[in-house]
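> Dropping a structure here in structure tokens format, bear with me for questions.
The values are calculated or read from the model by the stated rules, or taken from the named source; none is laboratory data. In this text, all values refer to a predicted model and were calculated from it rather than measured experimentally. For neighbour counting, all protein chains shown are included, and Cβ atoms are generated from backbone atoms with ideal geometry for every residue, glycine included. For the accessible areas, the whole protein counts, side chains as well, though only heavy atoms, and no ligand, DNA or RNA atoms are used. Shrake-Rupley method; radii C 1.70, N 1.55, O 1.52, S 1.80 Å.
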Amino acid sequence: MNKLIFCAMLAVALPLYSEARNAEYAGLAAKVDSLLEVMTLEEKIGQMVLLTSDWDVTGPTMRDNYVEDIRAGRCGNIFNAHTTAYVRELQRVAVEETRLGIPIMFGYDVIHGHRTIFPISLGESCSWDLEAIEKSARVAAEESAASGLNWTFAPCVDISVEPRWGRVSEGAGEDPYLGSRIAEARVRGFQGDDLSDSLTILACVKHFTGYGAPMAGRDYNTVDMSERWFREFYLPPYKAAVDAGAMSVMTSFNELDGVPATANRHLLQDILRNEWGFKGFVVTDYTSINEMVHHGYAVDDKDAACKAVNAGVDMDLQGVLYLEYMKELVESGKVSEKTIDEAVRRILMVKGKLGLFDDPYRYCDPETEKRIVYSEANLEAARDVARKSLVLLKNDGTLPIMKGEKVAVIGELADSERDLLGSWKAAGDWDFMSSILDEIRKYNGAENVLYAEGCKKYGDDRSGFAEALKIAKKADKVVMVIGEDWNWSGEAASRTSIGIPGVQSELLAEIAATGKPVAVVLLNGRPLDLSEESETASAILEAWYPGTMGGAAVTDVLFGEYNPSGKLTMTFPRTIGQVPIFYYNKNTGRPVYLPDEKYKSKYIDCSNDPLYPFGFGLSYTDFEYSDISLSSDKMDDDGCIEASVTVTNIGKMPGEEVVQLYIRDLVGSVTRPVKMLRGFEKVALRPGESRKIVFKVTPDMLAFYRQDMTYGTEPGDFHLFIGSSSADVKQASFTLL
Ligand code: BGC
């Protein structure tokens, strides 16, 4: 078929495309089917191939000339290429120089912003502000779509209780309920209501699945857990994202129960497609098909490709094994043409839904790019989300700093723009950004700010200590910005210790010994062991990697222009020895509150409690909670009760509080966690203002995988908790009849 005939086919399909969505998709399906009929096997396989451009490197490069691969119909999808000009050029090759002119889908890791960078995902999750998180994804979608992209490899919804694992920075923390709400918000933000809108992009839920639980926190390591634990604590955010409409899913690098996720039929067929009804396509992670040889699951590359496609993997990201072996596998009967057709159909349907068949260049308008990228509104949104993501962990009254106080700013990280962006900074630039130091100078007046590097982020050079001590002594207050280099979290950045690197804490101790109040600002991508710093510092502000507007956001909070409201979404341990530590643990048969001194579930050298629990975060004001009142202490299996509490701002500043609802099922056919988050509400209160918060409690909030693995409730007694963190709650009780 020549291009004219194909265009004529498109033209026939086009009117259908503008009718109501269902009719539209039926029309699209028919068009895709007729396209499949005329595609050669090679052309079909080309659609199952995703290659990187040479614009950005996020893993090994496998092909010399991806443009030639596009031209030859060997590659139907590209990632790591952006800007309207470049995307337009590659799209032109696909549309004008291949036989069928099928447009390319362009993907990129737009994880927490494209050009305007928002806080890392873990930081954003600490805002507990679903609207703000959705907005962040929306801005990322608009900026990337305006730069030619139509697909992001996000959201990352991996639950993790492993601070050693560097990729906790990319998720939403440890909790499946909060993680699910955030997953939905991000999918909504990226995809909007209409995938074909030229300012929305396709979401890709990753990494499917279990990737957040590598043994010993070592990236890519083996994952193994019971099906019950997996379904209850790890799977929910993936399901939530799929239910929210995400049309692509990325497999993970790890194995689960002995089978690599990239060839795991149980995950891809039983759960994803059959149980959840997922209709989009599945793409691998970077060369994860090839890696099945190293896993010891495939004898060679060809065998790996065969196993992946037969398990339900539609697209090979950068492995080039589908490209090399799929034709042979089909011809030898190891892979059926039906399997290939189904995979290609799913991919083409998404291309159609993105509007690429209507107009392959719809994402390539340079005027829109200019208007949207780094717009004032986007930068303002980034500052807003960044302020909301900061968590105040300690404050003896040192913060907020009064404007005009003499401030000594210390630390290499205080003067670094690059570190503010964290990992996966996409196409964000740091040249025009301002550091925390710049912003403090701007706000407080350069004459009131002294600066010394003091020491580097890592290494043992103490030669700058003397200068740092000198300026600290001259100041009213010290702001020390310490933490991890941006590259110390994210992919392939596991650590065996989670302390602050180098001699930064040693310098902090020396500065604190001068008696000057020291506010520590932390830049990091994981929960850290802050046992020592929590003693020496007068205040600690967890800033994560706060993004393009991070310098301004941190300054806003340090000087009280914004009252911090973030709450931790991962537990901070006292020591690495407590890891994994998370709030939804089980009680065990020998809980610490039993009278016996020795034979209890505890450590002999450390308490069980974390340093900072899940849900914890201070404010510059104080909130008081009244006792919980329940509309009834009995609930029918199809009923509902209301739990309410009154929260009052008893301090002097307006502030926001995240009111958290937890539930415990006291006895079950399988044991239940001591608490599970089941709801939350963020409220803004002026000084003296009170608000009654009402949570509807329904049976679905009490459901779990029972002993026979059916999902549902069991009658019995429950505790219900409402409070300001998982460790600071009021309690009530009710019975499910
Ligand atoms: C990462 C993914 C990412 C992909 C493409 C992989 O190494 O695990 O999260 O989307 O590269 O860059």
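> Amide H to amide H under 5 Å from residue 569: which residues, 5+ apart in sequence or cross-chain, H placed 1.01 Å off N in plane?
Under 5 Å from the amide H of residue 569: 615.
> Report ³J(HN,Hα) in whole Hz for each residue of segment 257-270, in order, from the Karplus equation J = 6.51 cos²θ - 1.76 cosθ + 1.60 where θ = phi - 60°; Gly and Pro get x.
Residue by residue, segment 257-270 yields 6, x, 10, x, 4, 6, 9, 9, 4, 4, 6, 7, 9, 4 Hz.
> Can you list residues whose amide H is under 5 Å from residue 208's amide H, if they're 5+ apart or on another chain and H is modeled 1.01 Å from N?
HN-HN under 5 Å from residue 208: 250, 251, 252.
> Per residue, how much accessible area does the chain have with a 1.4 Å probe, in Å²?
Values: 26380 Å² over 737 residues.
Value for the chain: 36 Å² per residue.
> Same structure again: Compute the Cα gyration tensor for segment 44-368, then decide on rounded, prolate or oblate, letting a ≥ b ≥ c be the square roots of its eigenvalues: rounded whenever a/c is under 1.5, prolate when a/b is larger than b/c in the other cases, and oblate in all that remain.
On the way: a/c = 1.68, a/b = 1.08, b/c = 1.56.
Oblate shape, in that a/c is at least 1.5 and b/c is the bigger or equal ratio.
> Could you give me the ³J(HN,Hα) list for segment 470-477, computed from phi with Karplus coefficients 6.51, -1.76, 1.60 and θ = phi - 60°, whole Hz, x at Gly and Pro?
4, 6, 4, 5, 7, 9, 7, 9
> Can you give the net charge of the other residues whose Cβ lies under 11 Å from the Cβ of residue 722, counting K and R as +1 and D and E as -1? Display every interim value, and only then the final one.
On the way: positive: 678, 730; negative: 627, 681, 728.
Summing Lys/Arg as +1 and Asp/Glu as -1 gives -1.
> Further question on the same structure: Tally up the carbon and sulfur contribution to the accessible surface of the chain as a whole percent, 1.4 Å probe, everything protein left in place.
Details: 13090 of 26380 Å².
Ligands and nucleic acids excluded, carbon and sulfur give 50 percent.
> Return the lysines within reach of residue 135: Cα separation strictly under 21 angstrom, same-chain partners fewer than 8 residues apart disregarded; answer none if there are no such residues.
Reachable lysines: 206, 370, 388, 425, 567, 682.
> Then there is this: What would the Debye formula give as log10 I(q)/I(0) at q = 0.08, 0.12, 0.17 Å⁻¹ for the alpha-carbon point model of segment 385-578, no solvent?
For the requested q values the scattering log ratios are -0.22, -0.51, -1.11.
> Using mean Cβ contacts within 10 Å as the protection proxy, how do 482-492, 393-403, 158-168, 574-584 order, highest first? Mind showing how you got there, number by number?
Working: 482-492: 22.1, 393-403: 17.5, 158-168: 26.4, 574-584: 19.0.
Per-residue Cβ counts within 10 Å, averaged per peptide and sorted highest first, yield 158-168, 482-492, 574-584, 393-403.
> Now, a different point. Rounded to the nearest 10 degrees, what's the angle between the helix 21-38 long axis and the longest principal axis of the chain, both from Cα atoms, 0 to 90?
Helix 21-38 and the main axis of the chain meet at about 50 degrees.
> Please report the projected area of the chain's Cα convex hull averaged over all directions, in nm².
Working: hull surface 132.2 nm².
Mean orientational projected area (the chain, Cα hull): 33.0 nm².
> Taking θ as phi - 60°, what are the ³J(HN,Hα) couplings along segment 164-171 by the Karplus curve (6.51, -1.76, 1.60), each to the nearest whole Hz, with x for Gly and Pro?
Those phi angles translate into 5, 6, x, 7, 4, 4, 9, x Hz.
> Mean residue ellipticity at 222 nm from the helices of the chain, using -39,500 (n - 2.57) per DSSP H segment of n ≥ 4 over the full residue count, to the nearest 500 deg cm²/dmol?
-8500 deg cm²/dmol
> Sticking with this one: Based on the mean of other beta carbon atoms within 10 Å per residue, what is the order of 705-713, 73-81, 679-687, most packed first?
On the way: 705-713: 12.6, 73-81: 24.2, 679-687: 16.3.
Ranking, from highest mean packing down: 73-81, 679-687, 705-713.
> Can you list residues whose amide H is under 5 Å from residue 109's amide H, if they're 5+ apart or on another chain and H is modeled 1.01 Å from N?
Correct list: 80, 153.
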